[in-house]
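Heads up: the structure comes next, in structure tokens.
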Amino acid sequence: MKNTTALLMKAYSKTYVFINQTLKKMKNYTLEEIKTLNLSVNNQALITDAETESKNYNQFYPSYFLVNGGYYENSEKEQVFFIERIQHYLKSDICKIQIRKVNQHNKYYFLIYNYSDFPTLTTSEKEQIKRSLKEPQNVGVMTTKKLTNWVEYTEKKFRLYQEQENQNQSKILNFYNSLKDEKVYYWEGKKRGEIRKNGLIFSFEISNSYISTKVVVDTNRNIDIIQFNKLANNQFNT
């Protein structure tokens, strides 16, 4: 049992080092770039399959694929190339549109890949935008019209995401600007903060596009009835 445990721990350690080293050097490669590398037989087979899939898409709509991979050092101190994933995209001047077939459902799915461009968008806002658009029919068998419909739909959705993101960013910026003349104590990357003044504490928290604020009495003070009355009549001074 001890030997088995030791072997498992050793294997886990190697796997962790492998993943850790690889992730540090991961990047996306185009087909032209990947063909300049010295690939293993298995990796060559993956690229051949990806080219075949891409040609299938190209019959109906221009597409391309990116190979996400990197190098790690094996036990012989050799640099070995590792492919983590291959993703296919339909060409668009507006956004990256990933196309993915799920064999289990025998359907193609179309996804906006640029979600990192919208750090303030909430799930609710995304759902609201989705409901405002008419989604094309599911694609089981590809045609040019079906793929074109999905590209146009995804681009419209992306533009609406951009508009909402700009509104959210403007709202957050205006909120920060309203505090510029105050002595604010910030933390969590300015996502949270507070102002202490005249026996009151104004605190706020920013989560995505939602700004929550609260005003409470500073309970760290000993306030007698005289000070309370001044506070209630807006005459309290620190």
How compact and how long is the range 181-232, expressed as Rg and Dmax of its alpha-carbon atoms in Å?
13.3, 42
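Please get the size of the charge dipole for the chain, origin at its Cα centre, with Cβ charges of +1 on Lys and Arg and -1 on Asp and Glu, quoted in debye to the nearest 20.
Numbers: 35 positive and 25 negative charges, 76 e Å.
Around 360 debye, computed over the chain.
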List the aspartates and glutamates whose alpha-carbon lies under 15 Å from that of LYS230, not counting same-chain residues fewer than 8 positions away?
ASP218
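For HIS105 and VAL184, what is the calculated FRET efficiency with R₀ set at 35 Å and r taken between the beta-carbons, to the nearest 0.05? Please report the intermediate quantities before stating the final value.
Numbers: r = 51 Å, r/R0 = 1.45.
Efficiency, rounded to the nearest 0.05: 0.10.
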Can you run the Rg to Rh ratio on the chain? Use alpha carbon positions and the Kirkwood inverse-distance Rh.
1.17
Report the FRET efficiency, 1/(1 + (r/R0)^6), for ASN58 and TYR115, where r is their Cβ-Cβ distance and R0 is 25 Å, rounded to 0.05.
0.45
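Where Rh is the Kirkwood radius over the Cα pairs of the range 75-207, the temperature 20 °C and the viscosity 1.002 mPa s, what D in µm²/s does Stokes-Einstein return?
The calculation lands on 114 µm²/s.
Per DSSP helix of 4 or more residues, -39500 (n - 2.57); summed, then divided by the residues of the chain. What does that give at 222 nm, rounded to the nearest 500? Mind dumping the intermediate values first?
Numbers: 6 runs with 98 residues, N = 238.
Computed mean residue ellipticity for the chain: -13500 deg cm²/dmol.
Quick one: grab the alpha carbon gyration tensor of the range 114-178, order the square roots of its eigenvalues as a ≥ b ≥ c, and give me rounded if a/c is under 1.5, else prolate or oblate depending on whether a/b is larger than b/c. Don't skip to the end; give the middle numbers.
Numbers: a/c = 3.62, a/b = 3.01, b/c = 1.20.
Prolate.
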If you line up the long axis of helix 41-58 against the longest principal axis of the chain, both from Cα atoms, how many degrees apart are they, to the nearest 10?
80
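So for TRP150, TRP187, fewest C-beta neighbours within 10 Å to most, what's the order?
Numbers: TRP150 22, TRP187 9.
So the ranking, lowest neighbour count to highest, is TRP187, TRP150.
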Spatially near lysine pairs across the range 124-181, Cα under 17 Å, sequence gap of 8 or more or different chains:
13
Which of LEU147, LEU31, LEU231 has the fewest other C-beta atoms within 10 Å, and how do the rest follow up to the most?
LEU31, LEU231, LEU147
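Just subtract the alpha-carbon distance of LYS77 and LEU133 from 0.36 nm times their residue separation and send over the number in nm, one decimal.
On the way: separation 56, 0.36 × 56 = 20.16 nm, distance 5.38 nm.
14.8 nm is the gain from fully extending LYS77 to LEU133.
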Under 16 Å from the GLU152 label point (7 Å along Cα→beta-carbon), backbone N, the range 111-138
133-138
Place +1 on the Cβ of every Lys and Arg and -1 on the Cβ of every Asp and Glu in the chain, take the dipole about the Cα centre, and give the residue among VAL141, LEU231, GLN87 whose Cα lies farthest towards its positive end.
LEU231
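Every read-out reported here was derived from the displayed coordinates using simple, explicitly stated rules and does not represent laboratory data. Quick caveat, the model's predicted, so the values are computed rather than measured. Cβ atoms come from the backbone with ideal geometry, glycine included; neighbour counts cover every protein chain shown.
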